[in-house]
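**Student:** Below is one structure. I have some questions about it.
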Amino acid sequence: MQNKDLISTLAVPIRQAFEAVGIDAALGQLKASDRPDLADFQCNGVLAAAKAVKKNPRELATAVLESLGEQVLYDSVDIAGPGFINIKVSESALQQRINTLATAEMLGANSVEQQRSVIIDFGGPNVAKPMHVGHLRSSIIGECLKRLFRFCGDEVIGDAHFGDWGFQMGLLIVALEDKLPNSPYHNANFTGEYPSESPVTIAELEQLYPEAATEAKQNETFRDRARKATAELQAGRAGYLALWRHFVAVSKIALQRDFSALEVTFDLWNGESDADALVADMVAELKQSGLAVPDQGAIVIHVAKEKDKRQLPPLLLVSSEGSSMYGTTDLATILQRRRDNDFDLCLYCVDQRQADHFTQVFRASYLAGYAQEGQLEHIANGTVNGSDGKPFKTRAGGVLKLGDLIQMAREKAENRLKQAGLGAELSEQEFIATANMVASAALKFAELSNHRTTSYVFDLDRFMSFEGKTGPYMLYQAVRIKSLLRRAAEKGLAAAEIEIKESSERELALTLDAFASAVNVAYSKRAPNFLADHAYRLAQSFSKFYSTCQIVGLDDAAVTASRLGLADVTLKQLEQCLALLGISTPEKM
Ligand code: ARG
């Protein structure tokens, strides 16, 4: 029986009893108990039901219990306080659940009832701009959601949505023109073949961009030239396109290196430019339908609603120079995605400071009928702050490049491992690989253990500690179970049917059962922190079990086999949960 988690299974008789006494069965839901010392689960529904039917809640609860009668699923059922129902699961039900879970493919979690096709737009890399500490969040959250949705049975496509088409391209083109006055790329009359080698390295590009951005702010002529170059690029000017291809290619190599260090991968690496082919028709159609209207030389879509607390500016569709804007490509990308990978849901994992942009784009697409209300979601994230509470800056006051940050984390991980006396028996190569895993786990767990909208302080020392709620602690616990299982296997000991006897075994079993709820909540709220919380709780429950229950060297072989079974399923679920967070575990440490 019981493929479902205990919360679902144990609620069935409660709901039947609710119905039997004439109250709304939907209120008969369980949650984990607030007082684990008294009960495993509780039902608070009688209180709401009593209010609805104007009865005394305690009396109603008594009637529910009477109707419930004896239940094999429950060890005890009591009424607490004004009418809460407290439930302790029976040993047999818990045991059955845990043995089913141990061999279940999803280790206790459930797949979605209706599979959807989902696109996750995350990472948000840009041409010529190195990723910085801010990109860490969108990349890590998006990667986790991609894995989680896929685990739950949805069909998921992750798309980097490369920022390769806006005003910043024009800026780079004119900035380079000033540096290389005789370049063929800028010569409109040039008819030969453009060089295959990029005229700029990524390092030069990364330097050029901020200089050009500053110049454009101060110098109107420069800004106008950049605007014009953007429009000409988008209109297909050959030299600009050739140059732009170099920008894209050299940027991509650098970005891929950072993503791969974080084990972040994309199914599609489409860019804003890929939606360009759809822009002309889209704009024409939007004009014709009357949604897109002229406004001081530009073309906009009005998206403000009467009930808005704050006036939302219109979406800028075509600039007065005739260029596509950030919102234009986002709108056209929705059409492109519809055409290429029609979706039920599209999640945009992007900084919450872009909330207005997404409200504009989503409203415009709903108005235009490009998506149905609710199919587009901005999965916003907060900022990574310095100890001053402001977005993190380096000591010199600049933004910290993601590549540098990863390097710092890797070095720290090597030091920490050495200090803790870990990894001494690993080869040089294995040691570095392990340190890299520790570094990535530290960054990811620190990120994902916060709710995504919470801003947090970047504190590498804390992230990298082997104690507390950290990535290194999680890896250490996983490795500890692996080595226990290895030692047992060397002695010829194998896992078998799990029997729950000790209280720490019971607690561990209940924690394993709660994986389903953690997955559900993380999925429905698009909030990885529920998975991180579960992983941490699981590691702690295991630790308690391991310190109170001897496993190897007992006289009773059945107890050893049962405990090995518990250790085995704990490891599987822990590794699965960490894998959903995007974290891999080493074999040894
Ligand atoms: N490239 C953008 C940035 O750095 C983020 C892109 C987010 N995705 C999107 N579809 N707009 O701000």
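**Student:** Suppose the filter is surrounded by fewer than 19 Cβ atoms within 10 Å (Cβ to Cβ) and more than 30 Å from HIS534 (Cβ to Cβ); does THR230 pass it? Step through it out loud before you land on a result.
**Tutor:** Working: surrounded by fewer than 19 Cβ atoms within 10 Å (Cβ to Cβ): no; more than 30 Å from HIS534 (Cβ to Cβ): yes.
It is false that THR230 is surrounded by fewer than 19 Cβ atoms within 10 Å (Cβ to Cβ) and more than 30 Å from HIS534 (Cβ to Cβ).
**Student:** Return the residue satisfying two criteria in turn: it lies in region 306-327 and is away from the ligand (no atom under 16 Å from the Cβ) and either without any contact (Cβ under 8 Å) to a residue 12 or more places away in the chain or in a strand (DSSP E or B) (or both), and of such residues it is farthest from ALA355 (Cα to Cα).
**Tutor:** Among them, the one singled out is VAL318.
**Student:** Continuing with the same structure: Name the residues in region 111-139 that are more than 10 Å from the ligand (Cβ to nearest atom) and among the small types (Gly, Ala, Ser), would you?
**Tutor:** SER111, SER117, ALA128, SER139
**Student:** From the list LYS54, LYS88, pick out the single residue that is in contact with a Phe, Trp or Tyr (Cβ under 7 Å, 6 or more places away or on another chain) and surrounded by fewer than 21 Cβ atoms within 10 Å (Cβ to Cβ).
**Tutor:** The conditions single out LYS88.
**Student:** Let me ask something else. What single numbered condition from (1) within 12 Å of the ligand (Cβ to nearest atom); (2) in a helix (DSSP H, G or I); (3) not hydrophobic (A, V, I, L, M, F, W, C) fails to hold for TYR366?
**Tutor:** (1)
**Student:** Filter region 328-350 down to the residues that are of a type outside the set (A, V, I, L, M) and away from the ligand (no atom under 13 Å from the Cβ), then identify the one that is surrounded by the most Cβ atoms within 10 Å (Cβ to Cβ).
**Tutor:** Among those that are of a type outside the set (A, V, I, L, M) and away from the ligand (no atom under 13 Å from the Cβ), it is PHE343.
**Student:** Identify, please: which residue in region 228-277 is under 26 Å from ALA433 (Cβ atoms) and of a type in the set (D, E, K, R) and is, among those, farthest from the chain's Cα centre (by Cα)?
**Tutor:** LYS252
**Student:** Which of the residues that make up region 134-166 are in a helix (DSSP H, G or I) and in contact with a Lys or Arg (Cβ under 7 Å, 6 or more places away or on another chain)?
**Tutor:** Correct list: ILE140, ILE141, LEU145.
**Student:** Working only within region 27-78, note down all residues that are free of Cβ contacts under 8 Å to residues at least 12 places away in the same chain and not in a loop (DSSP other than H, G, I, E, B).
**Tutor:** Passing the criteria: LYS51, GLU59, GLU66.
Computed from the coordinates by the stated procedures, all read-outs in this text should not be read as laboratory data. Computed from a predicted model, the values in this text were never measured in an experiment. For neighbour counting, all protein chains shown are included, and Cβ atoms are generated from backbone atoms with ideal geometry for every residue, glycine included.
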